[in-house]
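Taking it in order: structure first as structure tokens, then the write-up.
The values are calculated or read from the model by the stated rules, or taken from the named source; none is laboratory data. Here the structure is a predicted model, which means the values were calculated and not measured. Here the Cβ is made from the backbone with ideal geometry for all residues, glycine too, and neighbour counts use every protein chain on show.
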Amino acid sequence: MSIIQRIKRKTEVLKDKYFPLKEFDAATLPWIDKPNPDIAGFLKKNPPRYDVPYDMADKLRSWEQNGYVVLEKIIPEAMIDKFWGDFQELVNNPDKYDLSVRIDLDEFKPNQERNIKDFPKKALQGKYVKINDFHNSSVAGKKLMTHPYIVSFLEAIFNQKVVVMQSLVFMYGSQQPSHQDYPWVTAKIPSHLAAAWIALEDIKIDSGPLYYYIGSHKMPKFNFGSGILFKPDSTKSPLEFADYLDKKGPEMNYPKETLLIKKGDVLIWHSALAHGGSMITNPDQTRKSFVCHYSTEQALPFHRNFPAQVPVKQDYNGIAIYNNPIFPQSEDVLK
Ligand SMILES: O=C(O)CCC(=O)C(=O)O
């Protein structure tokens with residue numbers, strides 16, 4: 001990083017400390033989040049780079065109104081099976097790999113996030129497990145998260161170069177309380193964020209499916225006492241945030257919907273869509289999914305954990321993926 005870039009970065013950090021954000025910055029909002037976006041006009045000037053099997057104008061209208069879209073049957077089964085094969089290899093042979101895993105079980109406190117080899121193998125195949133950034137190890141993961149039909153939609157909403165921010169693999173439902181993503185998964189521009197939930201199997205009602213409040217990306221933003229982003233000096237907790245969203249959703253008539261999609265379908269959601277994981281009612285029922293967060297190169301020109309390092313990037317279908325500087329030995333080990 002040059003001296004000028006360092007000074008700019010420091011200025012941004014100080015600005016955020018003393019003048020915390022109360023709303024997304026109107027100047028950097030994606031075009032589709034601005035009032036009355038001209039979808040037909042946009043698509044005339046910016047047709048998708050890939051020939052997509054869905055109606056892009058319809059999907060963009062739905063995104064603008066509802067804060068999410070489901071792209072049905074867009075991922076070939078073979079791609080998913082290859083990725084799941086890599087995942088099985090990982091959890092059956094954790095000693096051979098380096099990657100960060102979080103298991104939200106009391107028995108692993110106070111270090112619930114560790115290198116995969118530092119957890120008992122059995123726990124890795126159970127509940128409350130989040131496998132972080134497995135795409136760095138798996139080429140099939142990189143191909144899956146940058147599938148051209150996902151890329152096309154992300155490019156349409158951002159109208160900019162898209163980058164991968166992070167990914168999670170789940171075997172079981174997360175049972176995560178309601179939240180929006182922008183306070184946690186934060187780039188330099190919090191509105192430059194979207195996530196894809198790729199169903200790796202048909203999702204069953206008793207598996208603890210994802211739910212979301214339709215249209216909630218337009219609700220007034222929660223103030224953590226430190227502005228709209230969660231920070232070490234926030235005076236409001238994640239549970240108070242969940243409570244706010246669960247009250248505000250019904251109060252503002254944002255219907256709650258449960259995601260029961262099929263293997264190969266993909267949900268893409270807005271950075272401010274309120275969502276969470278419902279309760280698992282059948283403890284044996286899996287809910288295999290690959291959840292990927294994306295941003296733009298403008299908002300995330302570096303690996304999210306290494307803002308001061310020049311990133312090593314790979315290009316997949318026009319999307320940039322940053323190599324993980326913590327585990328260079330793991331990059332692309334599963335081909
Ligand atoms: O899949 C889930 O249950 C939760 C995923 C999620 O909320 C997220 O990654 O933001």
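Would you confirm whether or not the stretch 231-250 contains a residue that is within 14 Å of the ligand (Cβ to nearest atom) and part of a loop (DSSP other than H, G, I, E, B)? No: the stretch 231-250 contains no residue that is within 14 Å of the ligand (Cβ to nearest atom) and part of a loop (DSSP other than H, G, I, E, B).
With small (Gly, Ala, Ser) and within 16 Å of the chain's Cα centre (by Cα) as the only criterion, which of 234, 271, 226 stands out?
Details: 234 fails: within 16 Å of the chain's Cα centre (by Cα); 226 fails: within 16 Å of the chain's Cα centre (by Cα).
Testing whether each residue is small (Gly, Ala, Ser) and within 16 Å of the chain's Cα centre (by Cα) leaves just 271.
On the given criteria, is residue 187 within 16 Å of the chain's Cα centre (by Cα) and either within 11 Å of the ligand (Cβ to nearest atom) or not charged (D, E, K, R) (or both)? Considered against the rule, which asks whether it is within 16 Å of the chain's Cα centre (by Cα) and either within 11 Å of the ligand (Cβ to nearest atom) or not charged (D, E, K, R) (or both), residue 187 comes out as yes. Within the stretch 235-250, being touching a residue at least 12 places away in the same chain (Cβ under 8 Å) and surrounded by 15 or more Cβ atoms within 10 Å (Cβ to Cβ) holds for 236, 238, 241, 242, 244, 245, 246, 248, 249. Just one of the listed residues (113, 155, 107) is more than 17 Å from residue 329 (Cα to Cα) and within 16 Å of the ligand (Cβ to nearest atom), namely 113.
Any residue at all in the stretch 113-130 that is in contact with a Lys or Arg (Cβ under 8 Å, 6 or more places away or on another chain) and among the polar types (S, T, N, Q)? No, the stretch 113-130 contains no residue that is in contact with a Lys or Arg (Cβ under 8 Å, 6 or more places away or on another chain) and among the polar types (S, T, N, Q).
Among 317, 253, 282, 323, which is touching a Ser or Thr at 6+ places or on another chain (Cβ under 6 Å), surrounded by fewer than 21 Cβ atoms within 10 Å (Cβ to Cβ) and at pLDDT 95 or above? Outline the logic, then answer.
Details: 253 fails: touching a Ser or Thr at 6+ places or on another chain (Cβ under 6 Å); 282 fails: touching a Ser or Thr at 6+ places or on another chain (Cβ under 6 Å); 323 fails: touching a Ser or Thr at 6+ places or on another chain (Cβ under 6 Å).
Checking each option against the conditions leaves just 317.
For first residues located in the stretch 274-294 and touching a residue at least 60 places away in the same chain (Cβ under 8 Å) and among the acidic types (Asp, Glu), partners that are assigned to a loop (DSSP other than H, G, I, E, B) and within 11 Å of the ligand (Cβ to nearest atom) and lie 6+ apart or on another chain with Cβ distances below 8 Å do not occur.
Tell me whether the stretch 75-88 contains one or more residues that are among the polar types (S, T, N, Q) and either at pLDDT below 95 or farther than 19 Å from residue 286 by Cα (or both). No: the stretch 75-88 contains no residue that is among the polar types (S, T, N, Q) and either at pLDDT below 95 or farther than 19 Å from residue 286 by Cα (or both). Only strands (runs of 3 or more DSSP E) whose full extent lies in the stretch 60-142 are considered here, and the ones with at least 2 residues that are in contact (Cβ under 8 Å) with a residue 40 or more places away in the chain and either touching a Leu at 6+ places or on another chain (Cβ under 8 Å) or among the polar types (S, T, N, Q) (or both) are 68-71, 129-132.
Have a look at 167, 178 and point out the one that is within 14 Å of the ligand (Cβ to nearest atom), under 30 Å from residue 282 (Cβ atoms), among the hydroxyl-bearing types (Ser, Thr, Tyr) and in contact with a Leu (Cβ under 7 Å, 6 or more places away or on another chain). Give the derivation first.
Working: 167 fails: in contact with a Leu (Cβ under 7 Å, 6 or more places away or on another chain).
Answer to the check: 178.
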